[in-house]
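Contents: one structure, followed by commentary.
The values are calculated or read from the model by the stated rules, or taken from the named source; none is laboratory data. All values derive from a computational prediction rather than experimental measurement. Cβ placement follows ideal geometry from the backbone for every residue including glycine, while neighbour counts extend to all protein chains displayed. To get the accessible areas, we keep the full protein, side chains included, count just its heavy atoms, and leave off ligands, DNA and RNA. Shrake-Rupley method; radii C 1.70, N 1.55, O 1.52, S 1.80 Å.
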Amino acid sequence: MRGFQLIDWFGESLGWAPQFLAAGAGAFVGTLWPVRSRSALQFAETFYDQLITYRQPLGQASLAARQTTRDLHGGDPTWLAYAVYGSPAATAHITLPRE
């Protein structure tokens, strides 16, 4: 295509997601570039709180984590770094250990 170039690193950085999904994972969450620890912690806490505590589907949990991280960490682009693969309607199923 004229005027367009392939971005080689983009396909390579996403290589983990198809491998995890092919191995049977229900979803994959990763970053496209290195992120700051404080912002990553905020994203993870919000994401898993929404997914597990509030039983929100994957898409809603991801959106809430992005928005919270963006709002609390101003100019830090960490909220843009996350790639979430899986059905947006997927929910977490918690299995309790047997006693």
For the pair Glu99/Gln67, report the inter-label distance in nm, with labels modelled 7 Å from Cα in the Cβ direction. 3.9
May I ask you to give the average projected area over all directions of the convex hull of the Cα atoms of segment 55-99, in nm² rounded to one decimal? 4.3
Viscosity 1.002 mPa s, 20 °C: Kirkwood-radius Stokes-Einstein D of segment 41-81 over Cα pairs, µm²/s: 217
Portion, in percent, of the accessible area of the chain that falls on carbon or sulfur, probe 1.4 Å: 58
Compute the helix-to-body angle for 58-72: its Cα long axis versus the longest principal axis of the chain, expressed 0 to 90° and rounded to tens. 70
Which of Leu63, Pro34, Gln50, positive extreme of dipole for the chain (C-beta unit charges): Leu63
